[in-house]
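Heads up: the structure comes next, in structure tokens.
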Amino acid sequence: MIMWGLPVLGCALLTSALLLRRRPLTALAVMLGGSVASLALQPSALQVVVVCAVGLEVCHIAVTRTRRVSLTGVAMVGISLIPLMEVRSAGSPWGGVNVEPAMALATIIAWLVGHSIRQAQAQADLVRAQAAAQTAMAERLRIARELHDIVAHSIGVIAVQAGAGRRVFDARPDEARDALASIEATSRETLSGLRRMVTGLRRADLEPRPGQAPLGPAPGLAAIERLAASTLEAGVKVDVDWHGSREPLPADIDLSAFRIIQEAVTNVVRHAGTSQCQVCIDRQDGQLSIEVTDSGRGGSGHGGSGHGGGVAGTGYGITGMRERAALLGGDFSAGPRPGGGFRVALRLPLPSPAR
């Protein structure tokens, strides 16, 4: 009879292993039944194996199943201790069995360890989900800012040119044709920017595929003169004043600086009611400073599209500019000037040059 304890326990272990993933409580019940039977047949040699096997299964259930299921498993182990005590009290022909305290202690420790692992996994999953949500939100905001900056300036210029062309269409057809030509050029530039953006979103890599036109470079401060030219066609002269180095900037800083200037100038065209504005770009002492000023209506007419720090509005211009500055660790301010007009100011830290 001594030799039957190990085969019984082996069959219980094999069956339990096959059932553990899909039906863990059934697997634990098989394991406990086999343990009681094997200890009744061969108590002294199998105690350590039984305690370890039961502890591992309880730990696995606590890690992979809910707290309710794992506590049910602990209760099943507690119930299985009753027949073990009956076996010992009745007296086995092969000696007393004293495995109950060890099995109870191992079960409690295994459940605590498994439950702690499950909590740690749940916390890690929560952190990953929050990080994914934040990443998705940041990407949505980036797309919203880029769409706003690409479209708002162009639509503002097109609206001004269309109005001017309509007013002089009969009296001065040459000026009307110039306005239409400006509208066409601005529309093409806007379509190019939208194409670059949409293509970049649809493709993981930005390398052109065979037979596909390459994407144009993202705009930067080098495109300020072109921006000033298109704004002049809309009736506002932009005086650009450069100071300091004109060495190439990091791509993210270069793009954000251009977009902020573009949005500020667009608001001058749409809301300031003036024919001139000034753009000052200063790069020195490890930072890039930008200031856009005008002598127009100030805060009274700039709230809707972002010119109006503190002025209630429904647009997203100021919000987008402030977000761009914050993402790069910069300082941003916008508001009416004491002497009249409006001022947008930006300071961005520049990375130290690599040695």
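Annotations for the structure displayed:
- If you sort the three axes of the alpha carbon gyration tensor as a ≥ b ≥ c, you get a/c of 1.5 or more for the range 94-186 and a/b above b/c, which makes it prolate.
- Accessible surface ranking that places the most exposed of Phe332, Phe342, Phe169 first, with a 1.4 angstrom probe: Phe169, Phe332, Phe342
- Across the range 146-152, computed HN-Hα scalar couplings (Karplus, 6.51 cos²θ - 1.76 cosθ + 1.60, θ = phi - 60°) run 5, 4, 4, 5, 5, 7, 4 Hz from first to last residue, x flagging Gly and Pro.
- Label zone at Gln276, where the point sits 7 Å out along the Cα-to-Cβ direction: the range 231-257 residues whose backbone N lies under 17 Å: 231-242
- Each peptide in 287-293, 316-322 was scored by the mean count of other Cβ atoms within 10 Å over its residues; highest first, the order is 316-322, 287-293.
- Long-range HN-HN contacts of Gln287 with modeled amide H, under 5 Å: Leu350
- A 1.4 Å probe run over the protein chains yields, for the range 11-82, 50 Å² of accessible area per residue, whole-number rounding.
- When each of the peptides 242-255, 100-113 is scored by how many other beta carbons lie within 10 Å of its residues on average, the order from highest to lowest is 100-113, 242-255.
- Per residue, in Å², the accessible surface of the range 100-164 once ligands and nucleic acids are set aside, probe 1.4 Å: 57
- Segment Val151-Val168, extension gain: residue separation times 0.36 nm, minus the distance between their alpha carbons: 3.5 nm
- Here the 3J(HN,Hα) profile of the range 336-341, calculated from phi with Karplus coefficients 6.51, -1.76 and 1.60 at θ = phi - 60°, is x, 7, x, x, x, x Hz, Gly and Pro shown as x.
The values are calculated or read from the model by the stated rules, or taken from the named source; none is laboratory data. Because the structure is predicted, anything quoted here is derived from the model rather than measured. Note that each Cβ is placed from the backbone with ideal geometry, even for glycine, and that neighbours are counted across all protein chains shown. Ligands, DNA and RNA are excluded from the accessible area calculation, which covers all protein heavy atoms including side chains. Shrake-Rupley method; radii C 1.70, N 1.55, O 1.52, S 1.80 Å.
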